Amino acid sequence: MKMRKIVFLASLIILVIVPSVATAFTENSQEFRNVIEQLDMQGHADHDYSTCTIQHVYFEEVLEMLNGGMSEKEILQSYVDEYGQAALRIPATDKSGWIAWGMPFAGLTAGIAVVGAWLKKVKGKAENDTLIHEVKWESDTEREIAEKIFEEERRKHF
Amino acid sequence: MYLIGNITIYLGIVIAAYALIANILGIRKHSKKWIESARGAVLSLIFVSLLASFLLLYFLGTSQFQFEYVASYTSLNLPMVYKLTAFWAGNAGSLLLWTVLLCLYTGILVFSKEKRNPMMPYVSSILLLNILFFFTVMALDGNPFAMTETIPADGKGLNPMLQHPGMILHPVTLYLGYVGLAVPFAFAIGALILRRMDAEWIKLTRRWTITAWLFLTLGNIIGGWWAYLELGWGGYWAWDPVENASFLPWLTVSAFLHSVMIQERKGMLKTWNISLIILSYILTLFGTFLVRSGVLTSVHAFGSGPLGTYFLVFMAFMMLFSIYIVMTRYQLIKKESIPIDSYFSKESSFLLNNLILVAGAFAVFWGSMYPLISEAVTGTKINVGAPYFDSVMAPILLCLILLMAVCPLIAWQKATVERFIKNAIWPLAAGIVSAITLIILGTKGILAVIGLSSTIFMFATHVQEFIQGTRARMRATKENIFRAIYKLIRKNQRRYGGYIVHIGIALIAVGVIASHAYSEEVLKTVNLGESFTIGDYELTFKGLTETTDKGNGIVVADIGTTYRGKDVGTVQPEKVFYESWPEPSTEVAIKTNWKEDLYLVLSSWENREKITLQVKVNPFVSWIWAGGIIMIIGTAVALVGGKTSTVGIWKALRSGR
């Protein structure tokens with residue numbers, strides 16, 4: 001019974017360890033891409049990988065860290081700790097980056113408010129200035145005659 | 001020759017200053033003589049700027065390395081076409097290009113059939129102020145005819161990335177757009193100075209504005225195509241600050257082209273339209289400032305120097321001058337506008353369109369400037385790269401697509417909900433069906449599905465507009481379908497030209513969404529004869545060869561390609577080692593079909609039998625280029641036939657509406 005337990009535990013350990021060793025991260029791993037896409041790489045992020053030596057250094061570093069067991073978040077944080085927020089291609093999504101992220105939408109909201117107020121103003125003016133006649137047909141025949149006249153005018157226009 | 005070149009620059013300053021003064025005297029003294037003299041001076045400016053340009057082309061073409069500019073951007077082994085395009089490869093040459101285009105535009109204007117228009121001396125003066133500035137800047141710090149201390153045996157050569165057909169077209173088209181925007185700006189300011197608040201300036205500049213917009217569109221599309229083919233990172237738009245600077249005026253002019261329709265029909269939005277055209281013009285200067293100041297890191301920048309300061313000062317001056325003119329005429333502008341009838345009308349939808357376009361411009365501007373702002377405020381530079389712009393602009397552009405989908409269905413003045421629903425039902429159904437189909441087909445990414453189905457909704461709306469219009473014509477005139485379509489467009493080129501532009505935008509939107517959401521990428525090291533797959537492609541490494549061409553070393557990889565099991569030939573990504581340039585250059589290999597691009601970069605090699613390839617499958621990228629061509633066709637249709645009329649305004653004003 002004891003022997004069976006040892007075998008079971010050994011198998012479990014092998015099952016856990018072997019796959020983690022076998023699935024070493026590569027440049028094609030999604031986790032790697034997730035990290036690389038967020039790094040500014042000292043302004044080299046959009047350079048051609050094949051000719052950019054800086055990108056090569058970053059790629060190797062990130063792979064090393066991923067294979068060393070660090071998570072995506074930890075890797076990004078390690079770069080931020082070293083170079084500050086400038087290590088990343090985007091402003092922080094926490095409180096410190098609110099202005100960067102929020103300003104375009106604040107601008108849009110302010111624009112909507114201004115246009116809304118202006119529309120209300122000119123619309124109000126229109127209501128005061130004009131009388132809008134709602135057309136009411138006395139009969140269907142009258143409506144049909146009017147539609148035929150409109151159609152005739154349309155043909156002339158063509 | 002050196003003397004003639006320099007004389008052209010200084011003569012340019014003198015003539016531009018004279019023409020400006022002559023115009024001012026002519027205006028003040030109501031003297032036709034002075035105005036005529038100014039006009040003659042403009043002709044001289046064209047001659048002087050063309051002479052300077054031809055001289056520079058001659059020096060470039062004949063490799064006269066005693067000139068600093070020639071030695072910096074060309075070399076003996078450079079093909080002639082790139083020796084000549086080096087004209088705009090550097091700061092000084094591009095300033096001269098800007099100047100010559102400005103002189104030509106001014107000449108076309110002052111000798112046009114509108115030359116007797118009372119606005120023309122003012123318009124000419126504003127353009128001359130620009131010309132004077134550009135000649136002065138060239139004389140101060142951007143002289144293309146400056147000499148080297150010692151004559152080098154060979155020049156430094158042109159950056160290999162610039163040795164591409166894109167170099168012939170992209171800068172010129174963008175400059176034609178940038179410079180073109182000075183014309184409507186000058187007319188707007190001229191009209192304001194003369195206190196002419198009607199839409200005449202819009203009528204006179206409609207074609208100029210559309211032409212400028214056409215060139216901006218063309219410039220941006222060609223720039224994207226060039227980047228995609230040449231830069232090797234697999235994208236076409238990097239949200240680089242200078243790219244953004246060319247996108248900004250495109251957005252504001254797009255807003256203007258829509259909002260002028262409201263001014264023409266209802267006499268509304270006069271202040272807004274003037275503000276938009278001023279903003280667009282200022283943004284062209286802003287773009288030039290960014291390229292030449294070095295304040296922001298960009299692949300397009302010419303480097304840092306005092307030129308940026310000159311542009312900043314000029315930009316500030318023109319901005320303050322414009323604001324002063326608008327403020328002093330504000331009460332006049334406010335008069336005579338016709339109120340809006342309904343919230344649910346084309347007028348309101350155009351307002352919303354303007355709001356979204358300007359909000360988009362603000363977002364791009366904010367993102368581009370944020371690194372500077374953050375550094376100035378907190379002392380820490382925060383980068384704002386492509387992921388930021390993708391996130392911020394995606395909802396804004398989605399709103400724009402949805403608005404383009406509904407706007408053609410909304411009537412002018414007062415739309416009814418019933419009529420709108422009746423018209424929208426089929427396009428909306430097309431959008432919904434496409435969304436369901438995409439989900440059933442297993443398309444991932446809910447945002448991409450929303451984007452694609454909204455685009456299909458927009459596309460269907462426009463197709464329906466064509467179908468309904470054609471049917472109506474066929475019913476009314478008994479014409480055959482082809483004649484009906486032709487006459488439909490011919491009778492209202494402005495409207496249907498605009499619709500064609502929208503259809504082009506739909507294709508671009510599909511390309512952008514699909515290539516962002518569904519692109520596949522792999523970095524693979526392979527041995528000779530080894531194969532690997534990406535998407536529907538199977539690639540086999542067949543060999544690596546080295547050749548020499550004009551002193552440049554070229555390494556070529558032969559990659560056998562099959563698509564869904566069918567042999568589609570060999571692709572050959574290259575790496576070129578230039579004799580006169582320190583860094584190697586990537587020559588991308590692209591295999592295109594209607595739905596995707598196979599994009600290969602030879603990344604590195606250990607020996608002839610082991611290479612590393614960077615491979616991408618970019619879906620629907622060719623749709624972006626096709627959409628760009630359709631946009632150009634649509635703009636040309638609107639440009640050639642559109643008529644601007646202010647009759648509607650006066651009719652409405654007379655009837656008290």
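No value in this document is a laboratory result; all are computed from the given coordinates. What you are looking at is a predicted structure, and each value in this text was computed from that prediction instead of being measured. We place every Cβ from the backbone using ideal geometry, glycine too, and count neighbours over all the protein chains shown.
Determine the shielding of peptide B:360-367 by partner chains: average, over its residues, the number of Cβ atoms on other chains within 10 angstrom of each Cβ. Write out the running numbers ahead of the final one.
Details: counts 3, 1, 7, 5, 1, 2, 6, 6.
What the average comes to for B:360-367 is 4.
Report the calculated FRET efficiency for B:Ala153 and B:Val81 (r = Cβ-Cβ distance, R0 = 22 Å), to the nearest 0.05.
E between B:Ala153 and B:Val81, to the nearest 0.05, is 0.45.
Under the 0.36 nm per residue contour assumption, what length would be gained going from the current alpha-carbon distance of B:Glu520 and B:His30 to full extension?
Working: separation 490, 0.36 × 490 = 176.40 nm, distance 6.81 nm.
Full-extension gain reported as 169.6 nm.
If we restrict to alpha carbons, what Rg and Dmax does segment B:63-127 come to, in Å?
Just the Cα atoms of segment B:63-127 yield Rg and Dmax of 17.4, 53 Å.
Amide H of B:Glu530: which non-local residues (sequence gap of 5 or more, or other chain) have their own amide H closer than 5 Å, using H built in the peptide plane?
Hits under the 5 Å cutoff: B:Phe541.
According to the square roots a ≥ b ≥ c of the eigenvalues of the Cα gyration tensor, what is the shape class of segment B:1-158, taking rounded for a/c under 1.5, prolate for a/b larger than b/c otherwise, and oblate for the remainder? Could you put the intermediate results ahead of the total?
Working: a/c = 3.32, a/b = 2.51, b/c = 1.32.
Verdict is prolate for segment B:1-158.
Would you mind ranking B:Ser603, B:Ser342 by Cβ crowding within 10 Å, fewest neighbours first? Show your work: numbers first, answer last.
On the way: B:Ser603 24, B:Ser342 19.
Exposure proxy ranking, most exposed first: B:Ser342, B:Ser603.
In Å³ and rounded to a whole number, note down the convex hull volume per residue for the Cα atoms of the protein assembly as shown. Intermediate results must be reported in sequence, preceding the final value.
On the way: hull volume 186.0 nm³, N = 815.
Output value, Cα hull per residue: 228 Å³.
How much of the pair distance distribution for chain B lies past 38 Å, counting alpha-carbon pairs only, in percent?
42
Can you tell me what percent of all Cα-Cα pairs in segment B:6-95 are more than 17 Å apart? Could the numbers behind the result be given before it?
Values: 2239 of 4005 pairs.
Counting every Cα pair in segment B:6-95, those more than 17 Å apart make up 56 percent.
For B:Ile590 and B:Leu447, what does the FRET efficiency come to when R0 = 22 Å and r is the distance between their Cβ atoms, rounded to the nearest 0.05?
Calculated transfer efficiency: 0.20.
With the crude spin-label approximation of a point 7 Å out along Cα→Cβ, what separation in nm comes out for B:Ile108 versus B:Leu140?
Computed distance between label sites B:Ile108 and B:Leu140 equals 2.9 nm.
Would you list A:Met41, B:Met138 from fewest to most Cβ contacts within 10 Å?
Values: A:Met41 19, B:Met138 26.
Lowest count first: A:Met41, B:Met138.
Report, to one decimal in Å, the Kirkwood hydrodynamic radius for segment B:521-621 based on all distinct Cα pairs. Write out the running numbers ahead of the final one.
Details: mean 1/r = 0.0720 Å⁻¹.
The answer is 13.9 Å.
Scan segment B:554-610 for GluC sites (Glu not before Pro) in coil per DSSP, keeping those whose Cβ has at most 14 other Cβ atoms within 10 Å, and list them by number.
On the way: sites: B:Glu574, B:Glu579, B:Glu587, B:Glu596, B:Glu606, B:Glu609; in loops: B:Glu579, B:Glu609.
In loop regions of segment B:554-610 (DSSP not H, G, I, E or B), the sparsely surrounded GluC sites (Glu not before Pro) are B:Glu579, B:Glu609.
Based only on other Cβ atoms within 10 Å, what is the fewest-to-most ordering of B:Ile421, B:Ile508, A:Ile36, B:Ile274?
Listing B:Ile421, B:Ile508, A:Ile36, B:Ile274 from fewest to most nearby Cβ atoms yields B:Ile421, A:Ile36, B:Ile508, B:Ile274.
From the convex hull of the Cα coordinates of segment B:406-457, what is the mean projected area in square nanometres?
Values: hull surface 15.1 nm².
So the Cα hull casts an average projection of 3.8 nm².
For q values of 0.22 Å⁻¹, compute log₁₀ I(q)/I(0) with the Debye formula on a Cα-only model of segment A:24-115, without solvent.
After summing over all Cα pairs, the log10 values are -1.07.
Taking Cα atoms of segment B:150-209, Rg/Rh with Kirkwood Rh, to two decimals? Write out the running numbers ahead of the final one.
Details: Rg = 20.0 Å, Rh = 14.8 Å.
Answer for segment B:150-209: 1.35.
Using only Cα atoms, what Kirkwood radius does segment B:422-519 have, in angstroms?
Details: mean 1/r = 0.0679 Å⁻¹.
Every distinct Cα pair counted, the radius reaches 14.7 Å.
Taking the highest mean first, how do the peptides B:217-226, B:539-548 order by number of other beta carbon atoms within 10 angstrom per residue? Walk me through the intermediate numbers first.
Values: B:217-226: 21.9, B:539-548: 14.9.
Per-residue mean Cβ counts within 10 Å order the peptides as B:217-226, B:539-548.
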